[in-house]
Amino acid sequence: CLPARTTILEFDMSRPHEEPVIDIARGDLARSRQLRAALETLRDRSDNREFRGLVDDVLAGRRGLQDIARTQAFDRVVTPLAQEFSRRYDEMSEEDREQLARQGEEEYERLRQQIREERESPHRPSNP
């Protein structure tokens, strides 16, 4: 079991042959890939330059997600989105909520399978 890391860069430096893992994923590469995709989407859809820079820092390994989550710029962008998601989630039927949960679980399992296949492959991708 890998120790918890505080930034992507720290993890990358200790295991340069491994894909960097976002700090709050705690060594779970599939979860890290999900977080990375979500951060990229948030960054690409935001016009807040400070927020975009913070996310770029996380994706590049210069800062941890846990660190930037405490900033006002992160809060200004993410809080309204989280509130909107919560409102929409509350309006969903139980069946729709279960389907959304299944979709998330299926995506996570798909990523885990992809990682297993990459690790078994003699030609590892350098940056998936």
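The values are calculated or read from the model by the stated rules, or taken from the named source; none is laboratory data. Fair warning: this is a prediction, and the values are worked out from it, not measured in the lab. As a convention, Cβ positions derive from the backbone with ideal geometry for all residues, glycine included, and neighbour counts pool all protein chains shown. SASA here: full protein model, heavy atoms, side chains in, ligands and nucleic acids out. Shrake-Rupley method; radii C 1.70, N 1.55, O 1.52, S 1.80 Å.
Placing a label point 7 Å from the Cα of THR71 along the Cα-to-Cβ line, the residues of the stretch 20-51 whose backbone N sits under 20 Å from it are 21-25, 35-51. Neighbours of LEU81 by Cβ distance under 13 Å: Lys/Arg scored +1, Asp/Glu scored -1, total +3.
Relative protection proxy for 23-29, 67-73, from highest mean packing down: 23-29, 67-73 (other beta-carbon atoms within 10 angstrom). The length gained by stretching the chain between ARG45 and LEU81 to full extension, at 0.36 nm per residue less their Cα-Cα distance, is 11.8 nm.
Taking a Cβ cut-off of under 12 Å around GLN99, the surrounding Lys, Arg, Asp and Glu residues balance to a net charge of -4, with basic ones at +1 and acidic ones at -1. Peptides 101-107, 42-48 ranked from most to least packed give 42-48, 101-107, packing being the mean of other C-beta atoms within 10 angstrom over each peptide's residues. If you sort PHE85, PHE74, PHE51 by accessible surface, 1.4 Å probe, largest first, the order is PHE85, PHE74, PHE51.
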